[in-house]
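Report on the structure given below.
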Amino acid sequence: MPDSNQYHHRPSDSPLGEWAWDRRYAEHPWPNEPDSTLIEFVSALSPGKALDLGCGPGRNAIWLARQGWDVTGVDASVVGLAQAEARAAGSGVTLRLIAGDILAYQPPAAQFDLIVLANIHLAPEQRSPFFLSLASALAPGGHLFVTGHHLESLGRAGPPDPERLYTEERLADLFPTLHVEHLGRHEKERPNEHPLVDIVVWATRTA
C-alpha cells in the first residue's frame, strides 16, 4: 500500500483539494498509456532510479517500471495511488508509492537518474524553487522530463488560470543548474478538433 506521511494536500497545481482529486480518480477512467514524448526521450536510456511527481494512477510510472526502472511515485490522492498500485500489480511490476504534496515532499539529494513531472501546472511563484529542488535531486548525468499544457491550449486542456499554463518564455530561465537539451512545443493531433499544444523540457545534470 502507499506509504502515508505528514503531507495532506494535493499539489497546488489546481484549485481542487485532495478529496476532489480522489473523487475524479474514482469516478472517471484515467488513461493507461504513458506520455508519448516521455517514451521518445527515455527509451534510449539505461534504467536507473526514477521519481514520478504527481504520478496519479501511474501511467508513466508503470511504463518506466516495465522498462526496468526503480520507480518512486508521489501523489496526494490516496485513490490515485491505490489505482497505481493495482495497475502495477496487474502489469507484474512494483512501485514505491508515497502519499504527499509534491510541493512539500523533499526528495533526497543527487539520488535520481530520471525525474518526471507531467501535467503539473504550478503557480508562477512556485516554479523556480520547485525546479531547483528537482535539479538538486538528480544524480550527476540524470535527466529531468517536464511536460504540461501550453498557454495556447487555454480553455481546451489544463487549468483555467492562464498564469499556470506554460510557454517557452515562462520556462526558459528556470533550470540554471541543468543543461537544457530541449525546450519546445509539441502538438497532439485530435480527430475533428484543434490539436492540443504542450510544452516539453528535457534537461540533464552534468557530471
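The values are calculated or read from the model by the stated rules, or taken from the named source; none is laboratory data. Since we're looking at a predicted model, the values are computed, not measured. Positions of Cβ are generated from backbone atoms using ideal geometry, with glycine treated the same way; all protein chains shown enter the neighbour counts.
Determine, yes or no, whether Leu103 is under 17 Å from the mean Cα position of the chain (by Cα) and either modelled with pLDDT of 95 or more or not acidic (Asp, Glu) (or both).
Numbers: under 17 Å from the mean Cα position of the chain (by Cα): yes; either modelled with pLDDT of 95 or more or not acidic (Asp, Glu) (or both): yes.
Yes; evaluated as a whole, the condition is true for this residue.
Consider region 182-200. How many of its residues are surrounded by 19 or more Cβ atoms within 10 Å (Cβ to Cβ) and either touching a Cys at 6+ places or on another chain (Cβ under 7 Å) or over 19 Å from Val116 (Cβ atoms) (or both)? Before the answer, list the steps.
We begin by selecting, within region 182-200, every residue surrounded by 19 or more Cβ atoms within 10 Å (Cβ to Cβ); these are 197-200.
Within this subset, residues satisfying the condition of being either touching a Cys at 6+ places or on another chain (Cβ under 7 Å) or over 19 Å from Val116 (Cβ atoms) (or both) are 197.
The total comes to 1.
Looking at Asp35, Asp3, Asp13, Asp75, which is the one that is touching a His at 6+ places or on another chain (Cβ under 6 Å) and either acidic (Asp, Glu) or modelled with pLDDT under 95 (or both)? Break it down stepwise before answering.
Details: Asp35 fails: touching a His at 6+ places or on another chain (Cβ under 6 Å); Asp3 fails: touching a His at 6+ places or on another chain (Cβ under 6 Å); Asp75 fails: touching a His at 6+ places or on another chain (Cβ under 6 Å).
Residue meeting the stated conditions: Asp13.
Six or more apart or on different chains, Cβ under 6 Å: which pairs go from a residue in region 99-112 that's touching a residue at least 40 places away in the same chain (Cβ under 8 Å) to one that's loosely packed, with under 15 Cβ neighbours inside 10 Å? Could you list them?
The qualifying pairs are Ala99/Ser4; Gly100/Asn5; Asp101/His9.
Working only within region 39-54, note down all residues that are in a strand (DSSP E or B) and over 16 Å from Thr94 (Cβ atoms).
So the first thing to find is which residues in region 39-54 are in a strand (DSSP E or B), and the list is 49-53.
Of everything in region 39-54, just one residue is in a strand (DSSP E or B) and over 16 Å from Thr94 (Cβ atoms), namely Leu53.
Among the residues of region 109-135, what is the count of those that are of a type outside the set (D, E, K, R) and in contact with a Lys or Arg (Cβ under 9 Å, 6 or more places away or on another chain)? Reasoning before the result, please.
Going residue by residue through region 109-135, those that are of a type outside the set (D, E, K, R) are 109-112, 114-124, 126, 128-135.
Among the residues that remain, those that are also in contact with a Lys or Arg (Cβ under 9 Å, 6 or more places away or on another chain) are: 110-112, 114, 118, 121-124, 135.
Matching residues across region 109-135 total 10.
How many residues are closer than 17 Å to Ala61 by Cβ and of a type in the set (Asp, Glu) when one looks only at region 105-161?
1
Taking the condition of being of a type outside the set (A, V, I, L, M, F, W, C), touching a helix residue (DSSP H, G or I) at 6+ places or on another chain (Cβ under 7 Å) and under 13 Å from Leu174 (Cβ atoms), how many residues in region 92-131 meet it? Reasoning before the result, please.
Applying the first criterion (of a type outside the set (A, V, I, L, M, F, W, C)) to region 92-131 yields 92, 94, 96, 100-101, 105-108, 111, 113, 119, 121, 124-129.
Adding the requirement that they be touching a helix residue (DSSP H, G or I) at 6+ places or on another chain (Cβ under 7 Å) leaves 94, 107-108, 111, 121, 124.
Those left that are additionally under 13 Å from Leu174 (Cβ atoms): 124.
Residues that pass the stated criteria total 1.
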